[in-house]
1. Kindly indicate whether L133 is open to solvent by 40 Å² or more (accessible area, probe 1.4 Å) and within 43 Å of the chain's Cα centre (by Cα).
2. In the set R331, R345, R308, which member is modelled with pLDDT of 80 or more, open to solvent by 50 Å² or more (accessible area, probe 1.4 Å), of a type outside the set (S, T, N, Q) and over 30 Å from T188 (Cβ atoms)?
3. Can you name the residue in segment 69-85 that is of a type outside the set (S, T, N, Q) and touching a residue at least 12 places away in the same chain (Cβ under 8 Å) and, of all such residues, is farthest from V135 (Cα to Cα)?
4. Mind checking which pairs have a first residue in segment 326-354 that is in a helix (DSSP H, G or I) and a second that is modelled with pLDDT of 90 or more, Cβ under 8 Å, 6 or more apart or different chains?
5. Would you confirm, using the coordinates I've provided, whether V62 is within 22 Å of L141 (Cα to Cα), surrounded by 15 or more Cβ atoms within 10 Å (Cβ to Cβ) and in contact (Cβ under 8 Å) with a residue 60 or more places away in the chain?
6. Kindly check whether there is at least one residue in segment 105-114 that is modelled with pLDDT of 85 or more, under 30 Å from E43 (Cα atoms), in contact with a His (Cβ under 9 Å, 6 or more places away or on another chain) and not in a loop (DSSP other than H, G, I, E, B).
7. So, G56, is that one in contact with a helix residue (DSSP H, G or I) (Cβ under 6 Å, 6 or more places away or on another chain), within 19 Å of N24 (Cβ to Cβ) and not β-branched (V, I, T) or not?
8. For residues that are open to solvent by less than 80 Å² (accessible area, probe 1.4 Å) and part of a helix (DSSP H, G or I), tally how many sit in segment 65-75.
Amino acid sequence: MTTTPSPPRSRFPTWALIALMLANGTLLGLAEYQHYTGQHPWEPFLWEFSSAAVVGVLIPLVYRWHKRTRTRPWPIFIGRHLAGWLLFSLAHVAGMFGLRFAVYALAGVRYEPGGWLDVLGYEIGKDLVSYALIVAICHGLQLWLEGQQRERELQALRGELAEAKLARLAEQVQPHFLFNTLNLISATMYEDVARADRQLCDLAELLRQQLAAQGTQQHSLGEELRLVEPYLALMQARFGERLAVRIEVSEEAKRCQVPTLLLISPVENAIKHDVALSSAAVEVRVRGKVSGGELQLAVENSGMAPERDAREGAIGLANLRQRVATLHGDRAAVTLEALAQGGSRLAIHLPAAA
């Protein structure tokens, strides 16, 4: 089930902002202290920390102001930021000198910053540079957050597309498999009604288990084998001594996750293309092991070798390739090859994940 991506955070992390302002106040205070000639060594640090503290409080407000402004037409954009700069400067000057006067009063020291018009003119000029720099940083941060949000949305859409594709492919497996199985049972009915009845019971059990597995796109290999076993029972009842089955799967492999109905088509193809066309006894082997972080599965038969390396036209095999490619991309592989001693092997390689 795909979850809706959460919206990006639209505010500065408090700890980062505090750390930035402390570092800024400390560095500027040290720089100011180097040429300070007064009687109170704490004054340079008060001047710089009072400015940094007020700017730190104003930065989140500038961030939100720019967020509401940056999509406006240029004349409105410039007008709003000119107003924002003036308000920022007035708030900065008022807050900064308010803090300074308070600390000087507590220390019992007289503070004479100079004429208000001169001070205001000087600070407004400096604040223009500070405001422009803060807006530029806010703009870059907002673009980055929106890019992250778009990437999350794209990943969610890709996940939904993959789920839809897997669901469609899984839906193709059942009718194709059911059609072939019913054809086999139909052929048996003319030969042995009692055997056909047993086959119908096995088919009912198989369909019951498949319905129970439809709620998930993946399950363990052990659960997948429990789906394959009723089908093999059906086929052994159909072909009797002409079909022998051997399953060799390690316990570690059984715990690995695989796509639902992964092995039905390979086993069905081995029987359809080899056992059904051979008058001699044929052995179908299902092997599975984990090696090097990879789940290695193989469905082998001792009957007829394939005439070519792939049966692209076969619905089941083409469907299998699509499903593993959709889930795992280049990390998965499906190959079909002829065995030197006769017969064929369908190999499936998947990432081993429990």
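1. Values: open to solvent by 40 Å² or more (accessible area, probe 1.4 Å): yes; within 43 Å of the chain's Cα centre (by Cα): yes.
Yes: the conditions hold for L133.
2. On the way: R345 fails: over 30 Å from T188 (Cβ atoms); R308 fails: modelled with pLDDT of 80 or more.
Within the list R331, R345, R308, the selection yields R331.
3. Within segment 69-85, the subset of a type outside the set (S, T, N, Q) is 70, 72-85.
With the extra rule that they be touching a residue at least 12 places away in the same chain (Cβ under 8 Å), the set shrinks to 70, 80-81, 84-85.
Working: R70: 10, R80: 12, H81: 9, G84: 10, W85: 10 Å.
Ranking the qualifying residues of segment 69-85, first place goes to R80.
4. H328/L350; H328/P351; R331/L350; R331/P351
5. Working: within 22 Å of L141 (Cα to Cα): yes; surrounded by 15 or more Cβ atoms within 10 Å (Cβ to Cβ): yes; in contact (Cβ under 8 Å) with a residue 60 or more places away in the chain: yes.
Against the criterion (within 22 Å of L141 (Cα to Cα), surrounded by 15 or more Cβ atoms within 10 Å (Cβ to Cβ) and in contact (Cβ under 8 Å) with a residue 60 or more places away in the chain), V62 qualifies.
6. Here is the first cut: in segment 105-114, the residues modelled with pLDDT of 85 or more are 105-111.
Narrowing the set further to residues that are under 30 Å from E43 (Cα atoms) leaves 105-111.
With the extra rule that they be in contact with a His (Cβ under 9 Å, 6 or more places away or on another chain), the set shrinks to 107, 109.
Add one more test, that the residue is not in a loop (DSSP other than H, G, I, E, B), and what stays is 107.
Yes, some residue in segment 105-114 is modelled with pLDDT of 85 or more, under 30 Å from E43 (Cα atoms), in contact with a His (Cβ under 9 Å, 6 or more places away or on another chain) and not in a loop (DSSP other than H, G, I, E, B).
7. On the way: in contact with a helix residue (DSSP H, G or I) (Cβ under 6 Å, 6 or more places away or on another chain): yes; within 19 Å of N24 (Cβ to Cβ): yes; not β-branched (V, I, T): yes.
Yes; evaluated as a whole, the condition is true for this residue.
8. 2
The values are calculated or read from the model by the stated rules, or taken from the named source; none is laboratory data. All figures in this text were calculated on a predicted structure; none of them were measured in a lab. Don't worry about glycine lacking a Cβ; one is built from the backbone with ideal geometry, like all the others, and counts go over all protein chains shown. For the accessible areas, the whole protein counts, side chains as well, though only heavy atoms, and no ligand, DNA or RNA atoms are used. Shrake-Rupley method; radii C 1.70, N 1.55, O 1.52, S 1.80 Å.
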